[in-house]
Amino acid sequence: MCGIVGAVAERNVVEILLEGLKRLEYRGYDSAGVALLSSEGDLTRIRRTGKVQELVDAVSEGHAVGATGIAHTRWATHGGVTEANAHPHCSTERIAVVHNGIIENYLALREKLTEKGYQFTSDTDTETIAHTVHEELKAGKSLLRAVQDSVTQFHGAYGTVIMDKEDPSRVVVARSGSPLVIGLGLGENFIASDQLALLPVTRRFIFLEEGDVAEVTRREVTIFDKNGEPVEREVVESNIEHDAGDKAGYRHYMLKEIHEQPTVVRNTLQHRLDEQGLLPDIFGKGADAILKDVKHVQIIACGTSYHAGMTARYWLEQYANVSCSVEIASEFRYRKSVVHENSLLVTISQSGETADTLAALRLAKDLGYMSSLTICNVPGSSLVRESDLAFMTRAGAEIGVASTKAFTTQLTAFLMLTLAIGEHKEMSGDDKQSIVKALHSLPAKLEETLLINEGIEDLAEEFADKNHSLFLGRGDQYPIAMEGALKLKEISYIHAEAYASGELKHGPLALIDEEMPVIVVAPNNELLEKLKSNVEEVRARGGIMYVFADKNAAFKGDESMRVVNVPHCEQPIAPIIYTLPLQLLSYHVALIKGTDVDQPRNLAKSVTVE
C-alpha cells in the first residue's frame, strides 16, 4: 500500500527520498510528500496530490535541504485526496510523521487531543500519531520514550517514522502490522517500507519484527521489542537482482512481466527438480519429514494468490490423494474453524506482507496446525520469517499492480508441492512422471504460448465498447477463469465474473446476449465434451464467445465464436499455460480503454491493512 522512505545522514537526503518514492510507485498511491530537517533544526515540508513527479517538480522549485528526512506515498484510507491529507503530518511544526496502516481508535484519540488544545488540519488517522507524540514530549521525555509511550495508545496497524525538529540527529520508527525495514549505510542509515526503495544506497537490511520500536541515527540503530527490551535483529544481505526502474523496452511493466514468465518459471524450477523428481528439502530444512505426515492441507490467501490456492486444491486431491481446503484470509481469521488432524497450513503472498494472510498465520499458530509453509516471492518478508517452512518463487520484483509472473510461479510451486506430498501418499508412478515431464516442459511451453499475442491483440478490439463479461472454465480451469476475470476488471475496469461452466443453467444464462462477451478456457482434457455442451448453451441464446482452446480440441470459429488456438500441453500444467492468454487479453483491452495499466485506480500492490 502506502510507501515510506526515511534517512539520517550527513549529506542532503532529498534525492535519496525522492528516488525511493519512485521505486515504491508500484504499490499504488494518490499523493506524495517529503519533510526535511536541516542540522539547524529547520523543518521543510512539501506535499502534492497525484504522481511522485508532481512532488519532484515542487521540490526542484524550492530550496529543500536536510540531512534527516522522511517521505511518503499515500493510498487514502481516511479523508479524500487533498494536499492537507497527504503525508507527512505535523504537530505544532515540531513533530513530523509518516505512517502506513490504520489507527482504528483515531476518533477517540482525536477527541481527547482536541480537548487538550490540538488543532487538526487533516481528516486522517495519522495526524493523531503526531499530536500524541508531541503530547508525550511535553513531559520532558526523549523522542524514543515518547514514541514508546504513544504506541501503547494506538489500536490497529502502523508502520511509522517520527522525527523531531528539536533533535534532528535521529528518527524513531515503530512497527505493528505494517512492515518496515532499516537499511544500513556507512555513516548513514535509512528506513523504508520495502527494501526496493533503498537498493541504490545499501544492500544490508534489518527487518523489524512485530511490536519493535527503533531509534535510528547516522551511526547507530537501537531496537527495542514490544516489551521495551533491547534486542538484536539479524542483518540480512539482499541479493535482489531485478530492479524496479527498468521496463526493458516494453511499454508497461505488466507487459514486461508477462513476457518474463518463461524465465522466472525456469528460475522457480532451477536446482529443485531433476529427471527423477524433486530434490530433497526444497520447501525448507526438514520439510520432507513434515510433509510425509500431512493428512490435510489448509490454504489461506487473498486475491490472485487465492486463485492459485484454488487451483492447487484440484492438484493436491487428484494427484497427491490428500484433502485440501482453501479460504480467503480475511474470512478465515474471523470465524471459528475446525483443524483437521495433521493439517499443514499453507499461506501464499507475493509480498509476504499481506495483512489478512499474516494475521491468519498468527491465528493458526494457536489453533493446532502441525506446521506452516509459505509460498512467497520476497525473502525476509514477515510471512517467510514467521512460517516454519518457506518456498521462494524467485519471480523477481513484480511492479505491475495486476499480478502476472507472481501467479504463474505460485502455480508452479504448488505443482511441486503436490509432487512432494504425493511421494509420501499413493501417487501413481504414471502421475508422478507426468507431472515431472510437464514441469520440465513448462518454460518452453510458456514461450510458445506467448507467440499467440498478435491474435489476442486483434481480438481485444471487440471489447472496446463492452461493460460486462463472463469467464467460464471447468475443473482446474475454473480458478483460471476467475483469475482472468480479476485481471480484466483490475486494469480495464470492465465488470467481469467467472463461473464454473456447469453453473450456467443456475442463473448466469439470464445474462447472455450479444452485449455480453463470454470468454472460455478449453484445454483438451476429460471435461472437454462437457464444456462444449456449455458453449452450445451460450450459442443458443445469442451470446458471443471467445474461446481459448487447445489446437486439438476441434473448436471451429464462426460469427458467434472467435477461437484462439493455444499450444497443446500436458494436462498438469494446463492451468499455468491458459493463464497467459487471459493476461494478454486483459492487457490489450486496457490499452484500448486507455486506463493506467501498471497502476489501476483505487488499487495497491501490497495490501498491508485490512
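The values are calculated or read from the model by the stated rules, or taken from the named source; none is laboratory data. None of the values given here were measured: they were computed from a predicted structure. Using ideal geometry, Cβ is built from the backbone for each residue, glycine included, and neighbour counts are taken over all protein chains shown.
Number of residues in region 471-494 that are outside any helix (DSSP H, G or I) and crowded, with 24+ Cβ neighbours inside 10 Å: the value is 3.
A quick yes/no check of all residues on (1) in contact (Cβ under 8 Å) with a residue 12 or more places away in the chain; (2) not small (G, A, S):
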| residue | (1), (2) |
| --- | --- |
| K489 | no, yes |
| Y493 | yes, yes |
| A500 | yes, no |
| L504 | yes, yes |
| A510 | no, no |
| P523 | yes, yes |
| L531 | yes, yes |
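Please tell me if P168 is in contact with a strand residue (DSSP E or B) (Cβ under 7 Å, 6 or more places away or on another chain) and not aromatic (F, W, Y). If you could, list the steps in order and put the result at the bottom.
Numbers: in contact with a strand residue (DSSP E or B) (Cβ under 7 Å, 6 or more places away or on another chain): yes; not aromatic (F, W, Y): yes.
For P168, the condition - in contact with a strand residue (DSSP E or B) (Cβ under 7 Å, 6 or more places away or on another chain) and not aromatic (F, W, Y) - is met.
Scanning region 284-311 for residues that are touching a Phe, Trp or Tyr at 6+ places or on another chain (Cβ under 9 Å), farther than 17 Å from T357 by Cβ and surrounded by fewer than 24 Cβ atoms within 10 Å (Cβ to Cβ) gives G284, A287, I290. A count restricted to region 114-134 and to residues that are in contact with a strand residue (DSSP E or B) (Cβ under 9 Å, 6 or more places away or on another chain) and more than 21 Å from V81 (Cα to Cα) stands at 5. Looking only at region 256-275, decide whether some residue is modelled with pLDDT of 90 or more, within 19 Å of C376 (Cβ to Cβ), touching a Lys or Arg at 6+ places or on another chain (Cβ under 6 Å) and assigned to a loop (DSSP other than H, G, I, E, B). Yes, because at least one residue in region 256-275 is modelled with pLDDT of 90 or more, within 19 Å of C376 (Cβ to Cβ), touching a Lys or Arg at 6+ places or on another chain (Cβ under 6 Å) and assigned to a loop (DSSP other than H, G, I, E, B).
I'm checking my understanding of the structure. Among residues of region 164-204 that are of a type in the set (D, E) and in contact with a Gly (Cβ under 8 Å, 6 or more places away or on another chain), which one is nearest to A214 (Cα to Cα)?
Just the residues of region 164-204 that are of a type in the set (D, E), to begin with: 164, 166-167, 188, 194.
Retained after the next criterion (residues that are in contact with a Gly (Cβ under 8 Å, 6 or more places away or on another chain)): 166, 194.
Working: E166: 18, D194: 17 Å.
Ranking the candidates gives D194 first.
Between G228, G249, G183, G284, the distinction of being without any contact (Cβ under 8 Å) to a residue 40 or more places away in the chain, under 30 Å from G101 (Cβ atoms), more than 21 Å from the chain's Cα centre (by Cα) and not in a helix (DSSP H, G or I) belongs to G183 only. Out of the residues in region 530-555 that are in a loop (DSSP other than H, G, I, E, B) and touching a strand residue (DSSP E or B) at 6+ places or on another chain (Cβ under 7 Å), state the one that is farthest from E447 (Cα to Cα). The extreme case among them is G543.
Which of the residues that make up region 391-439 are charged (D, E, K, R), touching a residue at least 12 places away in the same chain (Cβ under 8 Å) and more than 22 Å from G484 (Cα to Cα)?
Going through region 391-439, the residues charged (D, E, K, R) turn out to be 394, 398, 405, 423, 425-426, 430-432, 437.
Narrowing the set further to residues that are touching a residue at least 12 places away in the same chain (Cβ under 8 Å) leaves 394, 398, 405, 423, 425-426, 431-432, 437.
Result: R394, E423, K425, E426, D431, K432, K437.
Taking region 319-339 as the range and being free of Cβ contacts under 8 Å to residues at least 40 places away in the same chain, closer than 24 Å to E570 by Cα and surrounded by 17 or more Cβ atoms within 10 Å (Cβ to Cβ) as the test, only C324 passes.
Just name the residue that is surrounded by the fewest Cβ atoms within 10 Å (Cβ to Cβ) out of those in region 2-15 that are touching an Asp or Glu at 6+ places or on another chain (Cβ under 9 Å) and either free of Cβ contacts under 8 Å to residues at least 40 places away in the same chain or not charged (D, E, K, R) (or both). Break it down stepwise before answering.
Initially, region 2-15 is screened for residues touching an Asp or Glu at 6+ places or on another chain (Cβ under 9 Å), giving 3-5, 7-11, 13.
Filter once more, so that each one left must be either free of Cβ contacts under 8 Å to residues at least 40 places away in the same chain or not charged (D, E, K, R) (or both): 3-5, 7-9, 13.
Working: G3: 32, I4: 29, V5: 30, A7: 31, V8: 27, A9: 19, V13: 27.
Checked region 2-15; the qualifying residue surrounded by the fewest Cβ atoms within 10 Å (Cβ to Cβ) is A9.
Residues in region 179-232 that are of a type in the set (S, T, Y), at pLDDT 95 or above and surrounded by 23 or more Cβ atoms within 10 Å (Cβ to Cβ): there are none.
Taking the condition touching a strand residue (DSSP E or B) at 6+ places or on another chain (Cβ under 9 Å), over 17 Å from T77 (Cα atoms), surrounded by 24 or more Cβ atoms within 10 Å (Cβ to Cβ) and at pLDDT below 95, does R27 pass? Full working, then the answer.
Values: touching a strand residue (DSSP E or B) at 6+ places or on another chain (Cβ under 9 Å): yes; over 17 Å from T77 (Cα atoms): no; surrounded by 24 or more Cβ atoms within 10 Å (Cβ to Cβ): yes; at pLDDT below 95: yes.
It is false that R27 is touching a strand residue (DSSP E or B) at 6+ places or on another chain (Cβ under 9 Å), over 17 Å from T77 (Cα atoms), surrounded by 24 or more Cβ atoms within 10 Å (Cβ to Cβ) and at pLDDT below 95.
Of R313, R333, R362, all but one fail to be at pLDDT 95 or above and under 28 Å from E398 (Cβ atoms); the exception is R313.
Of all residues in region 148-161, those that are over 14 Å from H134 (Cα atoms) have Cβ atoms under 6 Å from Cβ atoms of residues that are of a type in the set (D, E) and part of a loop (DSSP other than H, G, I, E, B), 6 or more apart or on another chain, in H155/E104; G156/E104.
Going by the structure shown, is R272 surrounded by 15 or more Cβ atoms within 10 Å (Cβ to Cβ), of a type in the set (K, R), closer than 30 Å to S323 by Cα and more than 21 Å from the chain's Cα centre (by Cα)? In short, yes.
Taking the criterion of being part of a helix (DSSP H, G or I) and small (G, A, S), the residues of region 399-453 that qualify are A406, A413, A420, G422, G429, S434, A438, S441, A444. Of the strands (runs of 3 or more DSSP E) entirely within region 57-106, those holding at least 3 residues that are surrounded by 16 or more Cβ atoms within 10 Å (Cβ to Cβ) and under 25 Å from the mean Cα position of the chain (by Cα) occupy 68-74, 95-103.
Checked against (1) farther than 24 Å from A308 by Cβ; (2) touching a residue at least 24 places away in the same chain (Cβ under 8 Å), V547 passes all but condition (1).
Could you check region 135-173 and list, in sequence order, the residues that are assigned to a strand (DSSP E or B) and over 22 Å from the mean Cα position of the chain (by Cα)? Correct list: V161, I162, M163, D164, D167, P168, S169, R170, V171, V172, V173. Test L580 against the criterion of being of a type in the set (A, V, I, L, M), crowded, with 22+ Cβ neighbours inside 10 Å and not in a loop (DSSP other than H, G, I, E, B), and give yes or no. For L580, the condition - of a type in the set (A, V, I, L, M), crowded, with 22+ Cβ neighbours inside 10 Å and not in a loop (DSSP other than H, G, I, E, B) - is met.
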